[in-house]
1. Out of the DSSP beta bridges found with both residues in the chain, what percent are antiparallel (nearest 5)?
2. For segment 29-161, please report how many Lys pairs fall under 21 Å Cα to Cα, leaving out neighbours fewer than 8 apart on the same chain.
3. If you look for lysine pairs in segment 130-266 that are eight or more places apart or on different chains, how many of them have Cα atoms under 17 Å apart?
4. Highest first, please rank the peptides 242-254, 186-198 by the mean number of other Cβ atoms sitting within 10 Å of their residues.
5. If you average 1/r across every pair of different Cα atoms in the chain and take the reciprocal, what Kirkwood value do you get, in Å?
Amino acid sequence: MSAAREKLKSARRIVVKVGTSTLSYGECGKFKLNLYRIEHLVRELVDLHNAGKEIILVSSGAIAAGIGKMGLSEKPQTIPENQALAAIGQGVLMHIYEKFFAEYGQTMAQLLLTKDNTVDEHARENSRNSLMSLLQMDVIPVINENDAVATDEIRIGDNDNLSAMVAEMIDAEVLIILTDIDGLYSGNPKIDSSAKLIHEVAEITSEIEKIAGGAGTKLGTGGMFTKIQAAKIAVQHGITMIIVNGQEIGNLRRVLNGEEIGTVFV
Ligand code: GLU
């Protein structure tokens, strides 16, 4: 087993990021939340917490939950409409998380951050203090960007980067990014059947950046590009990051058992 996989096994403070495509049924399901996946995710997180890990969840899905709640058929074009939907959906999302966490007797807390909270020194210290207190209280923080009020200047824009900033801020050892694909491929597996899953990235070269160039799904903002940006932040700070398929139940545990799945950034 590689040293990076060993590190995943022994990690104590772990940030898990989950994307919209994993949390919702998307267009074909009228953007309703995928309760099956959310429930299993929460159960795994609580179990890891019970096993002595410190868990921080960065969750997208607010805008999708807002679209689903309002019965719209697609994501609106304008920023104010999306901000409004984020405000509507964030509550819906937290309600579901709270319900599932409560079923397993676990207290959670919501934190909505903007770029200021992770970059500005004073605000960053405050965010860190708040997160550290929550961890000390055995609470699982659930973080999203404060989309409803984040204007251009203070927007991070995607939760991949936000999760890496959070991991760095609280000295996490590992960042796990749950997404809708098995990891980083040598090409686009949707159009290139010879594309191979890259198990380990020792260095983020321009070649790696090039193959990650494409955009994400219709609903999520990320795609591989922002995941590579996040990986850069993570590895720079000695955090092991892994991209893994969040649509298969149990993958979180497999990763932390050191199984050779997903793409790990050393
Ligand atoms: N913050 C957005 C949401 O909760 C998602 C951002 C992202 O997809 O990275 O809907």
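Read the figures in this text as sums done on the coordinates, not as results from a lab. Quick caveat: nothing in here was measured; it's all calculated off a predicted structure. Please note: Cβ atoms are built from the backbone with ideal geometry, for glycine as well, and neighbour counts cover all protein chains shown.
1. 15
2. Going through segment 29-161 pair by pair, I get 6.
3. Eligible lysine pairs with Cα atoms under 17 Å apart amount to 6.
4. Per-residue Cβ counts within 10 Å, averaged per peptide and sorted highest first, yield 242-254, 186-198.
5. Value: 18.4 Å, from the Cα pair sum.
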